[in-house]
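Visitor: Questions regarding the structure given below will be posed in turn.
The values are calculated or read from the model by the stated rules, or taken from the named source; none is laboratory data. Worth saying up front: this structure is predicted, and the values here are computed from it rather than measured. Using ideal geometry, Cβ is built from the backbone for each residue, glycine included, and neighbour counts are taken over all protein chains shown.
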Amino acid sequence: MLFSKNRSDEKNLTDKIDLDDELSKSFYYIHKTMEKKYLTPKRYLTLLETYRQVYLTKQQMTSKRQQHLKSGVSKLSEARKVVDDLKRNAEVKQKELAIKQHEADDALKQITKSMAVSTIRKFPDSVSVRSKSYPMGSNEKSTIVENSKRVLYYEILLSVIGCRITKNRNGTTCCKS
């Protein structure tokens, strides 16, 4: 304390406040409004010292809060940068995923086609039995054969899908057709 008899708090001795003329006049006016018996220089100095203590306390609180807010803003800025980087990476990965998914879909179509063709080659009687059971002309028979091939293709596809679903549910190996 600057004006107290006990000067143990040396840190506060170095803290000084710059008072402008208007503020000084305000202190003097406040001091003059007191009763005559309290109008002593010591009371005036006590008023100034009290103001100084309150001012420094509020200034420290404000600076701490300001520092806290600055660190919060810097953390938010860093988080925004990280989020932007993650967004960019996610967009790139999403494009790569779309390409890989398209390739996987094409590969699955190729595999199912080849499985259907090999099944038809292995069991040509199953297709011809279906086509022979109808007494029709050659165009109608070829249409029926094509339809039978499609049906067989979808049956194989459904059995593969069904096996995969069963495998995923039970953790067992794929069933054989």
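Visitor: So is Glu78 surrounded by 10 or more Cβ atoms within 10 Å (Cβ to Cβ), under 30 Å from the mean Cα position of the chain (by Cα) and at pLDDT 95 or above or not?
Guide: Here the answer is yes, as Glu78 does meet what is asked.
Visitor: Output the qualifying pairs, or none if there are none: Cβ atoms under 9 angstrom, residues six or more apart or on different chains, first residue in segment 155-166 and under 11 Å from Thr112 (Cα atoms), second residue surrounded by fewer than 13 Cβ atoms within 10 Å (Cβ to Cβ) and at pLDDT 75 or above.
Guide: Qualifying pairs under 9 Å: Val160/Ile111.
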